[in-house]
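Reviewing the structure listed below.
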Amino acid sequence: MTTNEPEKIITRFAPSPTGPAHIGSIRTALFNYLFSHKLRGIFMLRIEDTDKERSKSEWEHMLLKSLEWLGISWDEGPIIVEGQESIFDSDNYSIRYKGNRGPYRQSERTQIYKKYLQKMIDEGHAYYCFCTKEEVEAQKSYLMSIGESPVYKGNCRNLTKEEISEKISQGKRSVIRFRTSENQNIAFDDMIKGKISINTETFGDFVIAKDLETPLFNFTCAIDDHEMNITHVIRGEDHVSNTPKQIAILNALGVKHPIYAHMPLILGQGKKKLSKRDAETSLEEYVKDGYLPEAIINFVAFLGWNPGTEKEIYSMEELITDFSIEKIQKSGAVFNPEKLDWLNGLYIRKKPVTELTNLCIPFLINAGLIKKHTELSFLTTDTEQIVTMNKIEKAILLYQERLKKLSEIPELIDFILKDEINYEKDLLKWKNMTDNEIVLSLENSIKIIKDIEDFEKNVIEKVIFEEAEKMPNRGNLLWPFRVALTGKQSSAGPAEIADLLGKEKCLDRLELAIKKIKYA
């Protein structure tokens, strides 16, 4: 309900719960959040769930949890009272509202819309239209054939109350159309694009409701923005065509419309518009792939906005301080996945290793490498040997500098958590080594390992590199040694790996590598 409070900056993020949150919708939420919080205003979350067939509670739940995970908090709207650990688990939760402008779900505002629809019909700003879908399509086809805009020409505009009553009593289906002023320019000052003017002849008398109980997007959006005291609407430029329709509705009601800002579209490869249903743009996919929320926020902030400095790394607090609508560009923002990987790697490197390990553990469990044993230990899945949190932490520390995504960690350290590793024997070969030279190298490594009493990284490194320097090419010793321990083309250094595996496992793997050469 509209209040008499002094005008305060109020923005809103108004998603439809018809699918997973995607990068475009996250940017809309973020920019509204940054704008309102910088100006000490209110950021509202409103759920536009009037599409009853496609709107689902699980999508709404996922959206709320996703925003929470990203650190985008809202001052008014629905909040989860009870939730699960996973941001994608939609069971066993309940919703309540915070704020006094609710309800914040459109499905719960039907009576509000009905009141305004009836008011507009009574005042002549809207009317019942009984034209069939086939008739409307035929009219559009004809108008296109003669080079005119394919808009509804108002066949039912001037029906009398008696004619309307008769058609309704006959059971004829109808919709409610807005009575658009003819040949009128609707102009508004867009905070990003500047002055925009659209003539009403381009959209004609548009449908605002299927009936009094079923309003459509442009109507519900306009009414909610008015009722909820929204002062600024920040959204994608694909809504530019909707704005004059919403302004026309608000003008008919004799109320002030919000200030609009239409952001440039996010473009994918080849500068094509990113689709809402493109799996690559779904936030869920990024979470499952091991991207950090702070990296996603930093990345999304630069999709169309530029602070005008060389600074690229921003915390949420810094974004609030530096953000301004004036620095949002007019042209399309190109989505660069390599930039996101770079940012994510940067934030991963900043993480304390204990925190990073806790973030990586679910990926190791999901990969089937370990399962929970105690608070500080796990069991390997293949042999159920105990592996401590400390050991996993040491393994992750070895790879922290090269990680781009958390999902990469299972493949990088699986050799530490598996009893047996599989690889082709040719991987043991350094340059042009013969099988006999590889065997001699591995046997030499076994002797070196056996002779080391204090088996720890610094000692291993000193001994093995001293021995490697005696070779014509030190790779002849270090390469087969490292591959035998990891089974990988690339990995951390041989001494660090040997230290993690322990003396016994190193000897076992060196022996197995020799057998692989001799008997493969």
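Just one of the listed residues (Lys505, Lys447, Lys470) is among the charged types (D, E, K, R), more than 23 Å from Thr388 (Cα to Cα) and part of a helix (DSSP H, G or I), and it is Lys447.
Within the stretch 364-379, at least one residue is among the β-branched types (Val, Ile, Thr) and surrounded by 14 or more Cβ atoms within 10 Å (Cβ to Cβ). Among the numbered conditions (1) without any contact (Cβ under 8 Å) to a residue 40 or more places away in the chain; (2) closer than 14 Å to Lys245 by Cα, the only one that Arg177 does not meet is (1). The stretch 77-159 holds strands (runs of 3 or more DSSP E) entirely within its bounds, and those carrying 3 or more residues that are at pLDDT below 90 map to 77-82, 94-98. Annotation note: of Leu359, Leu398, Leu364, the sole residue that is aliphatic (A, V, I, L, M) and under 30 Å from Met471 (Cα atoms) is Leu398.
Quick one: is Pro480 part of a loop (DSSP other than H, G, I, E, B) and in the same structural domain as Cys506 (by TED's automatic domain parsing)? Considered against the rule, which asks whether it is part of a loop (DSSP other than H, G, I, E, B) and in the same structural domain as Cys506 (by TED's automatic domain parsing), Pro480 comes out as no. Inspect all residues belonging to the stretch 305-320 and state whether any of them is modelled with pLDDT under 95, outside the structural domain of Val240 (by TED's automatic domain parsing), closer than 14 Å to Leu30 by Cβ and surrounded by 14 or more Cβ atoms within 10 Å (Cβ to Cβ). No, the stretch 305-320 has no match at all. Criterion first (crowded, with 19+ Cβ neighbours inside 10 Å, modelled with pLDDT of 95 or more, within 24 Å of Lys515 (Cα to Cα) and not assigned by TED's automatic domain parsing to the domain that holds Glu294) does Ile413 satisfy it? Spelling it out, Ile413 is indeed crowded, with 19+ Cβ neighbours inside 10 Å, modelled with pLDDT of 95 or more, within 24 Å of Lys515 (Cα to Cα) and not assigned by TED's automatic domain parsing to the domain that holds Glu294.
In the stretch 344-367, the count of residues that are aliphatic (A, V, I, L, M), touching a Lys or Arg at 6+ places or on another chain (Cβ under 7 Å), modelled with pLDDT of 95 or more and over 30 Å from Gly236 (Cβ atoms) is one or more.
Of all residues in the stretch 11-39 being under 14 Å from Ile325 (Cα atoms) and charged (D, E, K, R), which is surrounded by the fewest Cβ atoms within 10 Å (Cβ to Cβ)? Residue satisfying both the conditions and the ranking: Lys38.
For the stretch 24-47, a residue qualifies if it is more than 18 Å from the chain's Cα centre (by Cα), in a helix (DSSP H, G or I) and not hydrophobic (A, V, I, L, M, F, W, C), and the qualifying residues are Ser36, His37, Lys38.
The values are calculated or read from the model by the stated rules, or taken from the named source; none is laboratory data. These figures come from a predicted structure and were not determined experimentally. We place every Cβ from the backbone using ideal geometry, glycine too, and count neighbours over all the protein chains shown.
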